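Nothing in this text is a laboratory measurement; each read-out follows from the coordinates by a stated rule. If you're wondering where the values come from, they're calculated on a predicted model, not measured in any experiment. Cβ coordinates were reconstructed from backbone atoms using ideal geometry, including for glycine residues, and neighbour counts include every protein chain displayed.
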Amino acid sequence: MYHFIANPNARSGQGLALWEKIKLKLIAEHIDYQIHFTHHRHHATEIAAELTASGDPVTIVVLGGDGSVDEVICGLQNLSLVTLGYIPIGSGNDFGRGLALPSDTMKALDLVLHSEQTRKINLGVLHYHDKVHRFAVSSGIGYDAAICHQLCISRVKVFFNRLGLGKLAYAACSLYRLRRCQPDEMEILLNDTKRLHFKRVFFASAFNLPYEGGGCKFCPDAKPDDDLLDFIVIADVPKIIALAILPTVFSGKHTRLPGVHIFRCKKAEVHSKIALPVHSDGEPIYLQKDVSFSLEPETLKIIT
């Protein structure tokens, strides 16, 4: 039995039409399935929690983008008994990109239905106040989170997605937020032992996969199955240098530039002088001063 969790509003409203196409193939191949449509924010989390509460093995297939994946993994219980498939119908799809999964909807469906391979991946965990929020791709504080917040309220994303130019929406919001960004001090503690101090931090983010923002390769060497997070800090450079860094992140060449610091760790604590935007897999979290990032002890099986 395949349990499909679908966001009908994904890809700027095309999700439902794509599901109808998928359903025809499922019927033609006599696949046993159930469809669960999401109707509001965090609904996918609720559905995933219900599907995995019994403690029986279950296969869940996410139809959506990175936001849908994020909601689903936040609801999963009994991780070792869950197998997750992914069919990208969102605008970003950094989860699928990072795992080299098919970007074409029907090819991704074929993989889910007929592949005999799975890959166990780590899941990251964002901690803030007394709350936790899982992430599959990345989570961060500062400028990159401000971009995510802007994308959630901007009509630019919808406009460019309809043109098939989702990356331009991220670029436009990046420039808009950079003008308003005010870098400030941060104390960072890695693995409870290595203490770092930066005077002017643009952002600090933990990566489980290489990409975020619809193809920005911020941590080119991040691997989701090495029991480590790649942690990037952009700091202590003028805004003009930060601006020069932006075009290079699509190729991953920014790692050689001044102001770019990448570490590998199991845990990172961030203490900011001022409250800043936070995101988890592109989903906005309220302004925070103190956050930490770690890994779930259990892994999650992904159909590959």
What order do you get for 215-226, 137-148, 243-254, 16-27 when each peptide is scored by the mean count of other beta carbon atoms within 10 Å, highest first?
137-148, 215-226, 243-254, 16-27
Interchain or sequence-distant (5+) residues whose placed amide H lies within less than 5 Å of the amide H of Val201 are Asp184, Glu185, Met186, Asp236
Using alpha-carbon pairs under 8 Å, 6+ residues apart, how would you state the relative contact order of the stretch 125-296 in percent?
30 percent
With angles folded into 0 to 90 degrees, how steeply does helix 143-153 sit against the dominant principal axis of the chain? Use alpha carbons for both and round to 10.
50 degrees
For the stretch 49-54, in order, what is each residue's ³J(HN,Hα) by Karplus, 6.51 cos²θ - 1.76 cosθ + 1.60 with θ = phi - 60°, in whole Hz (x at glycine and Pro)?
4, 5, 5, 10, 6, 6
Before anything else, pin down the relative contact order of the chain: Cα pairs under 8 Å, at least 6 apart, normalised by residue count, whole percent.
21 percent
Estimated vicinal HN-Hα couplings, Hz - the stretch 227-235 in sequence order (Karplus 6.51, -1.76, 1.60; Gly, Pro = x)
6, 9, 9, 8, 10, 10, 10, 9, 7
From the cross-link list Lys120/Lys199; Lys194/Lys273; Lys23/Lys131; Lys131/Lys194, the entries with a Cα-Cα span beyond 29 Å are Lys120/Lys199; Lys23/Lys131
Contour minus Cα-Cα distance for Arg180 and Asp290 (0.36 nm per residue):
37.5 nm
A student applying the Cα gyration tensor rule (rounded when a/c is under 1.5; otherwise prolate if a/b is larger than b/c, oblate if not) would label the stretch 1-63 oblate
For the stretch 125-296, inverting the pair-averaged 1/r of distinct alpha-carbon atoms gives a Kirkwood value in Å of 15.9 Å
Taking the chain and counting helices only, DSSP H stretches of n ≥ 4 at -39,500 (n - 2.57) each over all residues, the nearest-500 ellipticity at 222 nm comes to -8500 deg cm²/dmol
Taking Cα pairs closer than 8 Å and at least 6 residues apart, the relative contact order of the stretch 4-124 in percent is 25 percent
How far apart, in nm, are the 7 Å Cα→Cβ label points at Gln117 and Met1?
2.9 nm
Relative to the first principal axis of the alpha-carbon coordinates of the chain, what is the inclination of helix 105-114, with its axis defined by its Cα atoms, in degrees from 0 to 90 and to the nearest 10?
60 degrees
What is the Cα radius of gyration of the chain over 2.2 N^0.38 Å, N being its residue count?
0.97
Taking the Kirkwood radius as the inverse of the mean 1/r across Cα pairs, report the Rg/Rh of the stretch 2-116.
0.93
Past the 20 angstrom mark, what percentage of all C-alpha to C-alpha distances in the stretch 162-252 do you count?
44 percent
Which distance in Å, rounded to a whole number, links the C-alpha centroids of the stretch 185-257 and the stretch 260-304?
12 Å
Running a GNM on the chain with Cα contacts under 10 Å, which residue among Asp236, Asp94, Asp110 ends up with the highest mean-square fluctuation?
Asp110
